[in-house]
Amino acid sequence: DLWTANADGSDLRRLTDHDGYDAEGTVSVDQKWLVFTSARDGDVDLYKMRLDGSRLTRLTNAIGYDGGAYFSHDGKHIVWRTYRTDDSAANATFAKLLVRDLVKPVKMDLWLMNADGSDQHRLTDKPGASFAPYFTPDDRSIIYASNWTNPRGRDFDLWLVPVTGGEPVPVTRDPDFDGFPMFSPDGHSLLFCSNRGGKVPGETNVFLAEWRP
């Protein structure tokens, strides 16, 4: 379930009270809306609501896992990761796993929509898994993690794709995992997680880099 609290842990408030998965919540820059992932209606879809839990709205209803959503800085758009297909066998497998509270996100792409759920369309169509999307400071591109150049491996790098679509451009080219990129509020720094330089295999650390658009 989703909760809110002050930075010191006080004023703890529960926003959802549902038997199932409510998670992956992110807040719009103006702090008016929260978008999150839920399995409350028999699928794994995106919903949004006010920070007091009111005005709950379902945004997606296609079969498949919809998650990891973020608002654009101006609050007009939402980017997220999903796997959607017309393959009936793949959808049947997804449904069987979901009954057991399981998912198998091998193939994931990025989609973009208006904040009200309209105009949902695909941004990437590559092999492997593309996830952890985040808007660049000017809201013109999406930075994200993907292993599409080696979809059977764990070498994830950071990529940029315009919100209008197009061929992704590499941001990192390290042989280890790079993921979960986010920008500082002033847009001058890029924060991301990486396995590079770890003392043991799989060790993940946080890195900060100067962002030069």
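The values are calculated or read from the model by the stated rules, or taken from the named source; none is laboratory data. As the structure is a prediction and not an experimental result, all values here were calculated from the model. Methodologically, a virtual Cβ is constructed for each residue, glycine included, from the backbone with ideal geometry; neighbour enumeration extends over all protein chains shown. Accessible surface areas use protein heavy atoms only, side chains included; no ligands, DNA or RNA. Shrake-Rupley method; radii C 1.70, N 1.55, O 1.52, S 1.80 Å.
A few points about this structure:
- Checking 71, 94 one by one, the residue that is within 21 Å of the chain's Cα centre (by Cα) and over 27 Å from residue 150 (Cα atoms) is 71 and no other.
- Tally of residues being over 30 Å from residue 94 (Cα atoms) and out of contact with any Lys or Arg (no Cβ under 8 Å at 6 or more places or on another chain) across segment 29-51: 3
- Here residue 112 fulfils each of the conditions (1) more than 15 Å from the chain's Cα centre (by Cα); (2) at negative phi; (3) in contact (Cβ under 8 Å) with a residue 40 or more places away in the chain apart from (1).
- Residue match in segment 71-81 (condition: within 25 Å of residue 160 (Cβ to Cβ) and among the β-branched types (Val, Ile, Thr)): yes
- Filter result for residue 117 (open to solvent by less than 50 Å² (accessible area, probe 1.4 Å), touching a residue at least 24 places away in the same chain (Cβ under 8 Å) and at positive phi): yes
- Of all the criteria given as (1) outside any helix (DSSP H, G or I); (2) open to solvent by 60 Å² or more (accessible area, probe 1.4 Å), the one not satisfied by residue 124 is (2).
- For segment 190-212, the set of residues classified as within 17 Å of residue 132 (Cβ to Cβ) and of a type outside the set (A, V, I, L, M, F, W, C) consists of 194, 195, 196, 204, 205, listed by residue number.
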